[in-house]
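Only one structure is covered here, and it is reproduced in the block below.
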Amino acid sequence: DDQIFNVGISRVQLEQDSGKTIYDDKRGHSLVDLNRAGSALIEIVFDPDVRSAAQAGAVVSAIQDILKYIGTCTGKMEEGALRCDLNISIAPIDVPNKSNNLITDIH
């Protein structure tokens, strides 16, 4: 379905990548990858307006298109140029002060 829907933006902020931790199963310990540490990041926080997986995919696709068009990044998630963290509310829509479950590193 080609549905039109609105998604509000709560805030946009600039950050720096702090690197990432990688667990090494073979050695039984964690490694720290600082290759991207200090790289500029743009964090876009949306209002809780997305109601389905299809809408979430459409929002990410639209953001990819916009960022590529303005030359901010390639938008290639497989290369780490774009990452998506997703908060999912498990409470009914009409319940105030919903708590969220955080799912990170959606690729």
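With the charge dipole of segment 8-59 set up from +1 on Lys and Arg Cβ and -1 on Asp and Glu Cβ about the Cα centre, the Cα lying farthest toward the positive end among the listed residues Q13, V32, F46 is that of V32. Extension gain, I22-A54: 0.36 nm per intervening residue step, less the Cα-Cα distance, totals 8.5 nm. Placing dummy labels 7 Å off each Cα toward the beta-carbon, the span from A81 to D47 is 3.1 nm. Between I9 and V32, full extension at 0.36 nm per residue minus the direct alpha carbon distance yields a gain of 5.0 nm. So, with a 1.4 angstrom probe, what is the percent of accessible area on segment 13-61 that is carbon and sulfur? C and S atoms contribute 53 percent here.
The values are calculated or read from the model by the stated rules, or taken from the named source; none is laboratory data. Please read these numbers as outputs of a predicted model, since none were measured by experiment. Positions of Cβ are backbone-derived with ideal geometry, glycine not excepted, and every protein chain shown enters the neighbour counts. In case anyone asks, the SASA skips ligands and DNA or RNA and just uses the protein heavy atoms, side chains included. Shrake-Rupley method; radii C 1.70, N 1.55, O 1.52, S 1.80 Å.
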